[in-house]
Amino acid sequence: LFDSLADQAALAIERIELVADVDRARLAAEADRLRSALLTSISHDLRTPLAAIMGAAEALRDYPDAIAAGDRIELLSTVIDESERLHRFIANLLDMTRIESGAMQPNASLHYVGDVVGTALRRAAKILAEHRVEVGIPPELPMIRLDPVLFEQVLFNLLDNAAKYAPQGTAIRIEGWADGGSVVLQVMDEGPGIPPADLERVFDSFYRVRKADHVRAGTGLGLSICRGFVEAMGGTIRAGNRTDRSGAVFTIKMPASADVAMLEDLP
Ligand code: ADP
């Protein structure tokens, strides 16, 4: 009896190990697939602007006399714009690496959210030129502890997306309010919105909802950086859709600073 039990146990263990091997193999295959998808995506994002830069630079070198002055300026602008895009992409990759390795060290201080929104809007003025921007942030909101550089980048990325995905002439709205011990900030647009199944996945690196989103000037890293930065500052960010009409809504929730309330309580 003992022998047969031992045999059965040995068989069971063997079977468990087989299953574990299959699982391990499946996980390794999935990791490989993700890694190669990531590399394909990165190569694509690097190759597209590089091809444009090379095309423009070669035209300028090979046909110096055949190109009219106006066209020359346009080709040089392509070189500059696409170089900026590469620069942004590499900066984003570095930010992502810092977030993922836990090396993100926010430099936090107390700020009124309206001030930070104002700075982000000034920085984004060029990309927002084709949209109407509406801001509803009451001045009496409590201060929040944040790193202004990181927070402005988060707002910039959200505004950049709203401008990219919502049609020209539509409104982009930023609203803020106090909610218990938090300050909530919302950026909403009048674009196509985000399919419910993708609301979480849009925060993954390189995830894009529509195939066509690839060809736009984005890096596919904007929202994952937003989440990494907001969480590093102790807040949360989530994506949703408007209920009153089509459009995406991004909601940031930051803890309101208790030390400020204490300061304001002083006589
Ligand atoms: P990208 O550089 O492609 O914009 P992001 O990480 O910023 O990368 O966004 C990921 C994807 O989420 C986008 O490719 C797009 O499909 C979707 N998305 C982001 N913001 C919006 C928005 N405001 N409206 C509709 N879709 C959006």
- Note on the chain: C-alpha Rg/Rh, Kirkwood Rh, two decimals, gives 1.13
- Task: May I ask for the percentage of alpha-carbon pairs in region 140-242 that lie more than 24 Å from each other?
- Result: 22 percent
- Query: Considering only 119, 109, 149, whose Cα is most displaced toward the positive end of the charge dipole of the chain, charges sitting on Cβ of Lys, Arg (+1) and Asp, Glu (-1)?
  - Reply: 119
- Message: Could you tell me how far the Cα centroid of region 40-70 sits from the Cα centroid of region 187-209, in Å?
- Response: 31 Å
- Query: Charges only on Cβ, +1 for Lys and Arg, -1 for Asp and Glu: so what's the dipole of the chain about the Cα centre, in debye to the nearest 20?
  - Reply: 560 debye
- Note on the structure: Sorted largest first, the C-alpha extents of region 1-148 along its principal axes in whole angstrom are 94, 60, 28
- When the charge dipole of the chain is computed with +1 at the Cβ of Lys and Arg and -1 at the Cβ of Asp and Glu, the Cα pointing farthest to the positive end, of 60, 161, 207, is that of 60
- Would you compute, from DSSP H runs of 4+ residues alone, the mean residue ellipticity of the chain at 222 nm, taking -39500 (n - 2.57) per run and dividing by the full residue count, rounded to the nearest 500? -18500 deg cm²/dmol
- Query: If each residue's Cβ is checked for other Cβ atoms within 10 Å, how do 71, 21 rank with the fewest at the top?
  - Reply: 21, 71
- Task: Loop sites only, by DSSP: take the GluC sites (Glu not before Pro) in the chain that have at most 15 other C-beta atoms within 10 Å and name the longest stretch containing none of them.
- Result: 1-129
- Could you size up the charge dipole of region 1-81 around its Cα centre, putting +1 on the beta carbon of Lys and Arg and -1 on that of Asp and Glu, and report it in debye to the nearest 20? 160 debye
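Quick note: the coordinates plus some simple rules give every number you see, no bench work behind them. Quick caveat, the model's predicted, so the values are computed rather than measured. Every residue, glycine among them, receives a Cβ derived from its backbone with ideal geometry; neighbour counts consider all protein chains shown.
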